[in-house]
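Read through the structure below, which is laid out as structure tokens, and then see the notes.
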Amino acid sequence: MEKKIAIFPGSFDPFTKGHEDIVIRGLKLFDEVIIAIGYNSQKHKRYFEINEMVDYIKNTFEGNDSIKVMVYNELTAELAKKYNARFLLRGLRNTTDFEYENSIAQVNNYLNDDLESVFLITSPQFAAISSSIIREVHKYDGDVSDFLPYKL
Ligand code: ADP
């Protein structure tokens, strides 16, 4: 049987316990989850350095061969073709996420009609975690360790 491969794309700036939860639950549905950090050096200045984030995520899932981590700089729909991934994994916290995810799922499906987006509703204990709030707290020297699955 064909291996079921899902891409979990995102900025992951930083990768949080909410993201970790989506990956672990995603492995109940898929044989492999590829965490793909989207990167466009011109467009968007990151807060956490991208290669450091790759290392943090790799350490988080060390020893689990079903999880891969990579950086990409192209359309997610194209990345999926390259890796034979027929699924995009995303998390939903609230209606704001829904509105956004709804439109990108339509576009991704238009660009690659073999691709199905699959959404997991956030676990309630992680619903309030967002990368942007973590960046803000970290910037002013607040302790964010409870929200991250690795030590900064
Ligand atoms: P993007 O910039 O593509 O939105 P993010 O890194 O912010 O990337 O998020 C990647 C995915 O993880 C998105 O589908 C987002 O909704 C989801 N996500 C973010 N935080 C959480 C959380 N706490 N619980 C569940 N899903 C989450």
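The values are calculated or read from the model by the stated rules, or taken from the named source; none is laboratory data. Just so you know, these numbers come straight off a predicted model, no measurement behind them. Ideal geometry is used to build each Cβ from the backbone, glycine not excepted, and the neighbour counts take in all protein chains shown. Ligands, DNA and RNA are stripped out before the accessible areas are found, and what is left, the full protein with its side chains, is counted by its heavy atoms. Shrake-Rupley method; radii C 1.70, N 1.55, O 1.52, S 1.80 Å.
Against the conditions (1) open to solvent by less than 80 Å² (accessible area, probe 1.4 Å); (2) away from the ligand (no atom under 13 Å from the Cβ); (3) modelled with pLDDT of 95 or more, Arg135 satisfies every one except (2). For segment 1-80, the strands (runs of 3 or more DSSP E) that sit wholly inside it and include 1 or more residues that are crowded, with 19+ Cβ neighbours inside 10 Å and within 12 Å of the ligand (Cβ to nearest atom) are 5-10, 32-38. If the condition is being under 15 Å from Pro14 (Cα atoms), touching a residue at least 40 places away in the same chain (Cβ under 8 Å), under 16 Å from the mean Cα position of the chain (by Cα) and not in a loop (DSSP other than H, G, I, E, B), then segment 119-146 contributes Phe126, Ser131, Ile134. Looking only at segment 138-152, count how many residues are surrounded by 15 or more Cβ atoms within 10 Å (Cβ to Cβ) and basic (Lys, Arg). Matching residues across segment 138-152 total 0. Taking the stated definitions as given, is Leu88 under 13 Å from Gly10 (Cα atoms), in contact (Cβ under 8 Å) with a residue 60 or more places away in the chain and either of a type outside the set (D, E, K, R) or within 10 Å of the ligand (Cβ to nearest atom) (or both)? Judged against the criteria, Leu88 is a match.
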